[in-house]
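Have a look at the structure below before the remarks.
Read the figures in this text as sums done on the coordinates, not as results from a lab. Being a predicted model, the structure only gives us computed values, none of them experimental. Backbone-built Cβ (ideal geometry, glycine too); neighbour counts: all protein chains shown.
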């Protein structure tokens, strides 16, 4: 090959190399200015923070709605039980007033129904409060009468007129009770007048 042919080949190669460099320069994005880069980074950070806050807000909303649903279900059961309590009281009175010898099978049926009803209510969280023999507590008892007696200490529940109930550790209905008080001490002068 002639020296001129070699030069032409070298020129062609240089021309191809310069074309490749110019093509790659035209495809590359221009380098952003430092201020524009900082603005984009700040915008990305702000959008990320907003997204995180929105996700947290939504999670809080979901938890609040779930809690409200649970409370409404609980309140619905409580209202239903409040309406059933008079029926339960009627069962108690009917069973207490029956003679054991008369209609024994009929009485067994009532006792079975009563037990099924109380078991179903107990599964929902209803418990009957025991009051007789306990100290009077205004949070659990509604005193209807005070009875003078020396058989019980003062402030002790002597009898229960209507049972009280708790629903999931909350007083649903206080018990109506009679409470013992100490007998009044009469003076000797007052006793003589009575005789």
(message) Please list, in order, the residues from segment 113-144 whose amide nitrogen is less than 12 Å from a point placed 7 Å along the Cα→Cβ vector of residue 77.
(response) 120-127
(message) How much of the DSSP bridge set in segment 126-185 is antiparallel, in percent, rounded to the nearest 5?
(response) 60
(request) Order by neighbour count: 131, 150, 159, fewest other Cβ atoms within 10 Å first, most last. (result) 150, 159, 131
(message) Is the C-alpha gyration tensor of segment 33-124 telling us rounded, prolate or oblate? Criteria: a/c under 1.5 is rounded; beyond that, a/b larger than b/c is prolate, otherwise oblate.
(response) prolate
(request) Take the alpha carbon gyration tensor of segment 126-185, find the square roots of its eigenvalues, order them as a ≥ b ≥ c, and report rounded if a/c is under 1.5; if not, report prolate when a/b exceeds b/c, else oblate. (result) prolate
(message) At R0 = 35 Å, how high is the FRET efficiency between residue 168 and residue 38 if r is their beta carbon distance? Nearest 0.05 is fine.
(response) 0.05
(request) Determine the relative contact order of segment 126-185: mean sequence separation of Cα pairs under 8 Å and six or more apart, normalised by residue count, in whole percent. (result) 44
